[in-house]
Structure formats: C-alpha cells, structure tokens
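Values in this text are rule-based calculations from the coordinates and carry no lab data. Just so it is clear, the structure is predicted and the values come from calculations on it, not from any experiment. Virtual Cβ from ideal backbone geometry, glycine too; neighbours counted across all protein chains shown.
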Amino acid sequence: MKIVLGEFKDEGVDLATFLEPRIGTKANSSGGEIDIDDDSVRKQVKPRHVKTYIKRFLHKKGERDHYKILVEGNELTLVYLEEAGEKEKEKEEKKREEVKVQREEDTEDVSETLKPEGKQEGDEAEAAGDEEKGESSEDSPSNEET
C-alpha cells in the first residue's frame, strides 16, 4: 500500500508513526510517500480504513479542512484544497456580520427599554386617541399623496 503525501510531506514521519499501531506494521516514510508492506498489514485493514486513520490524523493536526484523500486501489493520495482558506474567510466574515447585527439589535432593545416612561405612555395615548377618532396614521392627511 502506498500513500502519496503531496504538500503534506513535511508531516510524513508523524503520520507514519500514527498509522503503525493501527495497521499493525511499520510504515516507511521516504520523500513525499509512505510505503506500507501489504503482506505485513493486518488482513482486516483495507485502504478505506487507512483513509479514515489519515482523516483522524489530519483532524488532530487541524488540517482536515485543507486536504482531501483519494483512494485508487492500494494507493492513497492526499490532495491539498486551496479553496478551504477562502471558505474559512467567508465563514468568519458571516460570523462577524451576524455578531454586528445582533449587537445592533441588542442596542435597539436596550434603548427602547431606557426611554422615559412618560413618552412611552404618551405615545400609546396618542395612538389610542387617533383610533377612537377613526383616524389611523395611514389615513392622516399628512400622509396622503397628491
């Protein structure tokens, strides 16, 4: 079995060390590849399982969002995803916008509760008086279009 590391070759030794107890044999890291002797691998370990182990390793390193693992027969390839950085930036921007909007809403709520009680009651009294007269803010002459 062969694992092509691509841009992840700097972490090849750590990945090989991580895989050894899981696959039951020593993995040899050389250059941008990890070679695993198929004869010495436990029989129930398939390339699909090794892919899962690699994903776990990437997650522990905080790199899971930056790599995709392709399985072709007994060869696994780590592919670097350049778009992951852009997606993370977009997510951060959305979070910032949501926080900003939430803060604005909270500020509005606080300002409404801090209004003097006399004005709030007066506003309600005016609205009630207009309704009794049969006028609403929509029917008032100042809002009519000419």
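Separation of the alpha carbons by more than 25 angstrom is noted, of 9/95; 9/91; 26/60, for 9/95; 9/91. Working ranking of peptides 90-100, 1-11 by packing, defined as the average number of other Cβ atoms within 10 Å per residue, highest first, is 1-11, 90-100. The protection proxy used here, the mean number of other Cβ atoms lying within 10 Å of each residue, ranks peptides 31-43, 15-27 as follows, highest first: 15-27, 31-43.
Expressed as a fraction of 2.2 N^0.38 Å, the C-alpha radius of gyration for the range 2-81 is 0.97.
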